[in-house]
Each structure stands twice: as structure tokens, then as C-alpha cells.
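Inspection log for the structure reproduced underneath, given as C-alpha cells.
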Amino acid sequence: MNYSALKNPKYSSRVVLEIDQDKTEDYKIAAKKINADPNIKLVCIQHEFGIFGGEFGSNLKYFLAELKKPTVMTLHTVLPNPKPAMEASIRPLLDRVSYLVVMSTNSKNILISRYGINPRKIFIIDHGIHPVEFETSEKFKKALHIQNRQVMSTFGLLNPGKGIEYVLDVIPELIRKFPNLLYLVMGVTHPLVLKNEGEEYRNFLMEKANQLKIQKYVRFYNLYLEVGRLLKFLQATDIYIASSTNVDQAVSGTFSYAMGTGRPIISAPFAQAREDIGEAGLLVNFRDKSSLKKTIEQLLVNPKLREVMGKKAYFNTRHMTWSNVALSYLKVFMKCAPDLSVDNRHLPKLNLKHLNKLTDRFGIFQFADLSHRNPDFGYTLDDNARALVIAARYYSAGIRKKTTLRLLNIYLSFIANALGSDGFLNYFNKNYKPDDAANAKDNLEDADARALWALMQLSVIHAIPVELKRKAQKIYKRRLKIGVHFQHIRPKAFYIKGLFALYQSHSSQNLREKIRILADELMKNYVAHSDSGWHWFDSIITYSNSVLCESLLSAFQATGKEEYFYVGKKTLDFLISHSFVNGIYMPVGQSGWFEKGGKRKFFDQQPEDVVAMVEALKKIYIITREEKYKMLMTKAFYWYLGENYLEQYLYDQISGGCYDGLGKRSVNLNQGAESTVSYLAARIAVNDSS
């Protein structure tokens, strides 16, 4: 969309059509070209009164009158009492489009009550934000050379509705108490304001700063900051000020961006601020300098309160990241273009950044605070064994081989250190010493079996350096000499996975017999607990459930015994029947599991359950080549990418980590080892499934 005055604007090759906003014929030509292109399924319009030509953007009606494709229109401004000319320009558009998207409940209510729009036609989707890791402001201040300053900021296209003059007016009193205060005002002047009024408002603000003698405490950046630099300015901020004077303002992208970086907000009470600010900031009255000054002082004097509010802002906006917003839009698009699908999305790139971040020279840390590793709880053999398998698979796939080789050495050394005279130890503290109390308290069979599986898997991967394979083989043979007598079903399943890896590399009667003995033990559990309505190995379904089914399917591949295939498939189908609800994967929740004769629990879903299902579905697809299992595998994997009951991404594309789980109403935003290695294992399993 071009202003008439602009000549030959330079766009990227992705821009295939240009419209001169004042030429009505351009709108019609654009619509006809879209109609003729079979690859275009629908049109999404971002509506703002100042974007399109004609009175209050009324030229858009020429485009919609000619368009034959379904249309979704997002309204950035919804006025409760518009001028007659504004209402005349928007009403025909509201009736013409297929669906409407707004960004606040208030806007939806106005459309229903003031404009008479059917509620079923309206969807609320938040303004998107760029995903960033939560950080304190200090390192960003240093990068911008404003360390040792208490920083407030405002950004966006400059216009008189910003109310920045009210902030300037309170700075002289504030700097008496806070002499290190710095207020940043970032952004170019709004193009329409620039066209009609020039830099009158900016000059007014700069003159006011001079009159108030606060030039050292205010910086104006007459720049359109690219996203990366803008986010750094926001992350260097201690308090974000949204001082709008527009009582009818519906939403503010700048407000959303500031909350998304985890910064406390002081805001005028426009609609979005009233709905979203919660405990993440404070509201002040429009144009109320006294209230503004008092509230700024309240936050400047209390760094702990700023930190709490900042974290609230960060936690409360994770559903607003662009990936989640895109998924919400896609679901609206699917209503008017049914051949679109959530499965049309590209998979995220394979990324070991967070795995690397969680790992030091000794091993991978168990827990994280958000995306930052937390050494206080030390390490586990469980996590290092799983991480070893991930590193091995990624190395074999040729992904960042130098990094993965370093990680392989670390995890393999950890497992070697964990092997004692009686078997493997699981828990180690941050000082690299065994945590005797934790090791004595817990049953260590799961960790023991996972370590054997990881070592056996590593020892037979062709691409792994020979010396590492020999080291892995030496460790697991030392462990086997101690004796292996697992009592619980999951360790038996993990052990079968390890033995099957060896069998695939060099089949032997001895390996086949070991697998058969373990599989028969699982079969006994199945016979003891199953009945016509309960096809499972136990009286309760808990965690990593699908590994039991997968291990029997592997036993079938090794031995050819049909009963292993029958029970492996039967139990997996049973688990599937209780795990896919309304087309999305819903693993059994760890808030109470699923007991025989009881109701399954849905909440506190864990990433480890998802990867277990993905790998089991991959296994049965390889055996049967039934497409339904491949489809279910993809659906299960998309749990990480927003196809879950909260409709939120669990995978963080910025950090490369995975959030720790789904609660009843929110995501656990910590990105620990178990969740991250689970996602990475599922991601490469899906990558290899074709």
C-alpha cells in the first residue's frame, strides 16, 4: 500500500502487487489478480483507518467488492462512538468479510453492541510479540552505554496522542530524588502526522525538554528501529511508560512488546491496558501528572516490585508470541479455507543451543530457571543418558558435529563416573559428588536401564568415532558383570531398547534370547492386569507409557513372535484411544495418572510422555506401514508446537529449549533437561520418519 507521493519504493521480491492508496482502480486490479491465482486460498486484511485511501480508508470497499476469495479482517481500532464518516467507511467492510479478528474483549463487545455483528463472526487474537529470553536490564544497559541509569522508555510512531509531554512534565521533580533517571523516547513521526503537520509535535517535545532543563535526562531517537535493536532498548528498560491520551484506543503493539520483554508497565487505562496489565504494572489516569509522578516514584524506589511485575509481564505474555498468534490465525483461516491444516507448517530447525547451554564440563544440569540453568539441584544420570542419545543421533545426522562431539564426550564421561560397584548412581550434586541421600531414597532402576540403553545405542551408531563406541561398550559390559535384575516394567522396556539396538547391529541367538526373556516378563504383566476394558501392563498408567508398547514391538522384530506384536499393538491402540481427544494429543496427566476403573487425569502433561508416544508410533508405522500411525505421530509431535489443550507452544524457538509441562491453566516456563531432550528426541524422530 503506497502513498501517492512515494516514487518507486523498494520492496523485497515477496511483494507481488502494489496499490496506490488513492487510485481506486488499483484496488480492483489487485482483487482480480488474487481471484485468478489458485494458490491464494484467502486474504487477510490488517485494517487501520489511516492505511487505505479515501475518506477514513473507504477505498478498501473497491477491493472487497471485486474480491471473490474468503477474507479475514483484523481491526486495530474499534471506536465506540465514531464520526459519521468513519462509521460510513467501516460498516460495509464489516458486512463483506468472512470473519473479524480483534485484539481485546472490549473491541469484541463494541462490535456486537454498537455495530450489531454476530458474535460467531468475531475472534479475539492477541497482538503478537517477539519471543525473547527473560533477562534483567543490566547487561542491555551496558551494551547501550547507559549503565548506572534508571531507565524509563516509550516507543512507537510519534504523534500527539502519545502523551509524552505529561511524562516530561514530571521529570524535573523525579530527578531530585532519582538523579540517575533517563527517559528514552524512540520512534519516527507517524507518516500521516508527518504529511499533515511535519515535525511539529517532536519539536514541541524537544523544546519542552529544553525549557524544563532536562536535556541530560531525556533522549529522543528519531529512528525506525529494526526489531533486534528495538528489543535491546526495551530490555534495557526498567519501567515502560504507555502515556496515551486516547480514551478510545483499543490496543497498543508497543504496550504488548514491552510486556513481552518482561518489563513493568505504567499505563493510561485504554482498553487493552485494563484487560492485560493485571499484576504486571500500574494504571494511571489519562493526562494525570500527579498520579503519573507518584506511580513512577513507587516503582523507582522499589526494585523488588519492578522485578516481580516484570516477571508477571513475561509469564502472562508467553501465549502472545508470534508462533502462538500465527497458530490462532491459522485456526480462523481454516474455517473459511478448509483445505488448510495445522500440519502445513514447517518444522522448526534442529537446534542444540539450549542443550549446550544446560551442559557444563561435568554433565547436563537437571533443572533451569526459565531458560537459565540452575546448578543448585545438580545432575542426574537419567538426563545425561537421554542427552547422550540425543547428541549421538544429531552427530550421526551431521548436525553441528564439533559441538555434538564435545557433548558426547561429556555425557559419556558422566555415565562412566556414575558407575559404582553396585551399579549406576543417579543423583549428583553441583560439586560433582554423588548425592547419597537422594540415591538412597529413590529406586534407581529407571536411570540404570536408561544408561544401559544409551550406551548400547551409542556403541552401534556407525558414524560415531570408534574410540567413543569402544568406551561405551566397555562401560555397559562393566555394568552387566555386576548383574541385571530389573523388577519394574519400564526399566525392562528400556533394557529391551538397548538390547534391540545391539541386535540390529549384529544379531545373535544370545541377544534374541535376552530380549525374549524380558518380553515374556512384560507379557506376564499384561496377562495379570488386562481385561476386556483395560489393555495394559499394570493397574495404573503413569509416565513414559508408550515405551512399554514400543519395547514389545522391538521384541517382535527381533524374535518374530506374533504375540509380542499383538500385545504391543493392542496396548498402543488402547493408549491411543485414551490419549487423543478431539484431534489433539492429551498425554495422561501426572497430577494423578490413570487408574484402572477410574478417570484419567488431564493436567500436568509432561514432554517425556510425548516423545515416548512419538517413538512408539514411529515404530509401529515402520512395522505396519499404516498411514494412520504416521499421522498420529505427527499430531503427537505437534503437542510441542501448540496442538495441545492450551493451544500454546512448548518449544521455545529462541532458546532452543522446551518448557517443562502443561498445567491446568498455564505453561511451566522453566526449560529443564528432561523436557529439552524429550523435544529434541521427538524432533529428530519425526525428521527421520519419512
Next item on the list: Those residues that are surrounded by fewer than 13 Cβ atoms within 10 Å (Cβ to Cβ) and within 42 Å of the chain's Cα centre (by Cα), I need them from the stretch 205-221; list them, please.
Entry: Gln215, Lys216
Next item on the list: Could you tell me whether Tyr411 is modelled with pLDDT of 95 or more, more than 15 Å from Gly672 (Cα to Cα) and surrounded by fewer than 24 Cβ atoms within 10 Å (Cβ to Cβ)?
Entry: no
Check: helices (runs of 4 or more DSSP H) wholly in the stretch 394-509 with at least 1 residues that are touching a strand residue (DSSP E or B) at 6+ places or on another chain (Cβ under 6 Å) and free of Cβ contacts under 8 Å to residues at least 40 places away in the same chain - which ones?
Finding: 401-418, 436-441
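Can you tell me which residue in the stretch 227-275 is surrounded by the fewest Cβ atoms within 10 Å (Cβ to Cβ), limited to those that are basic (Lys, Arg) and under 22 Å from Lys311 (Cβ atoms)?
At the first step, the residues of the stretch 227-275 found to be basic (Lys, Arg) are 229, 232, 263, 274.
From the residues that got through so far, the ones that are under 22 Å from Lys311 (Cβ atoms) too are 232, 263, 274.
Numbers: Lys232: 18, Arg263: 26, Arg274: 15.
Only one residue tops the list, namely Arg274.
Kindly state which strands (runs of 3 or more DSSP E) lie completely within the stretch 76-160 and contain at least 1 residues that are more than 28 Å from the chain's Cα centre (by Cα). Break it down into steps so the answer makes sense when it comes.
Values: elements: 99-102, 122-124, 150-155.
Strands (runs of 3 or more DSSP E) meeting the threshold: 150-155.
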Checklist line | Candidate set from the stretch 547-569 (those that are more than 38 Å from the chain's Cα centre (by Cα) and small (Gly, Ala, Ser)); member that is farthest from Ala681 (Cα to Cα) | finding: Gly560
Next item on the list: Grab the helices (runs of 4 or more DSSP H) fully contained in the stretch 207-297, keeping just those with 3 or more residues being touching a strand residue (DSSP E or B) at 6+ places or on another chain (Cβ under 6 Å) and on the phi < 0 side of the Ramachandran plot.
Entry: 253-260
Check: Given (1) under 14 Å from Leu553 (Cβ atoms); (2) surrounded by 23 or more Cβ atoms within 10 Å (Cβ to Cβ), where does Glu626 come up short, assuming only one miss?
Finding: (2)
Next item on the list: Specify which of the listed residues (Lys311, Lys304, Lys357, Lys335) is over 21 Å from the mean Cα position of the chain (by Cα), touching a residue at least 60 places away in the same chain (Cβ under 8 Å), over 19 Å from Ala451 (Cα atoms) and in a helix (DSSP H, G or I).
Entry: Lys335
Check: Can we say Pro172 is in a helix (DSSP H, G or I), without any contact (Cβ under 8 Å) to a residue 40 or more places away in the chain, surrounded by fewer than 20 Cβ atoms within 10 Å (Cβ to Cβ) and out of contact with any Asp or Glu (no Cβ under 6 Å at 6 or more places or on another chain)?
Finding: no
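The values are calculated or read from the model by the stated rules, or taken from the named source; none is laboratory data. Not measured: the values here are computed from a predicted model. So basically every Cβ, Gly included, is an ideal-geometry build from the backbone, and we count neighbours across all protein chains shown.
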